[in-house]
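Just below is one structure, and these are the notes that go with it.
Here, each number is a calculation from the coordinates, and none is a lab measurement. Just so you know, these numbers come straight off a predicted model, no measurement behind them. Because the Cβ atoms are built from the backbone with ideal geometry, glycine has one as well, and the counts that use them run over all protein chains shown.
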Amino acid sequence: MSLPLLSKVVVGAFAGSGVIHLVRPQVFEPIVPKVLPRKRELVYVSGVAELACAAGLVAPRTRSVAGLASAGLLAAVFPANLQMAADAWAAAQRKPTTQRRVMQVGTIARLPLQWPLIKGALAARSS
């Protein structure tokens with residue numbers, strides 16, 4: 001059975017983001033919550049996890065497990081998304097520029113999108 005569209009979005013997002021995590025980890029290090037140690041290693045681990053989940057969602061035999069793992073991964077990285085939004089908010093308050101305001105709005109608008117992605121990951125389990 002074919003993957004639902006939202007599940008395909010999850011695959012694409014994980015594949016693209018996973019590669020960037022491994023090729024340019026410094027892009028993601030600032031959004032690792034400040035209380036967590038070894039930021040570079042966490043970025044690498046999350047990149048590998050994203051790639052593994054993307055591959056698992058594509059393969060029909062592993063979709064059930066990969067859908068659950070993908071939903072878990074999306075929930076696990078939510079604190080990083082919160083950190084990014086908080087940092088963007090603080091930067092825009094400190095020195096309001098158009099670029100910082102756009103980043104502030106974008107990172108906050110992104111937060112509720114995590115839930116449809118989780119739904120898409122879970123939908124893959126039955127396809």
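Below are the figures for this structure:
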{"item": "Relative contact order of region 37-127, defined on C-alpha pairs under 8 angstrom at six or more residues apart (%)", "result": "38 percent"}
{"item": "Principal-axis tilt of helix 5-23 within the chain, Cα atoms, nearest 10 degrees", "result": "60 degrees"}
{"item": "Reachable lysines from Lys34, criterion Cα separation under 27 angstrom, eight or more residues apart if same chain", "result": "Lys95"}
{"item": "Gap separating the Cα centres of region 38-60 and region 84-111, nearest whole Å", "result": "27 Å"}
{"item": "Cα lying deepest toward the dipole's positive end in the chain, options Leu57, Phe28, Ser46, charges on Cβ", "result": "Phe28"}
{"item": "Rounded tilt (10° steps) of 114-124 against the dominant C-alpha axis of the chain", "result": "10 degrees"}
{"item": "Structure-based [θ]222 nm, the chain - -39500 (n - 2.57) summed over DSSP H runs of at least 4, per residue, nearest 500", "result": "-24500 deg cm²/dmol"}
{"item": "Within straight-line cross-link reach of Lys119, aspartates and glutamates at Cα separation under 20 Å, skipping those fewer than 8 residues along the same chain", "result": "Glu50"}
{"item": "Within straight-line cross-link reach of Lys39, aspartates and glutamates at Cα separation under 15 Å, skipping those fewer than 8 residues along the same chain", "result": "Glu29"}
{"item": "Set of region 1-28 residues, backbone N closer than 19 Å to the point 7 Å along the Cα-Cβ line of Ser127", "result": "1-18"}
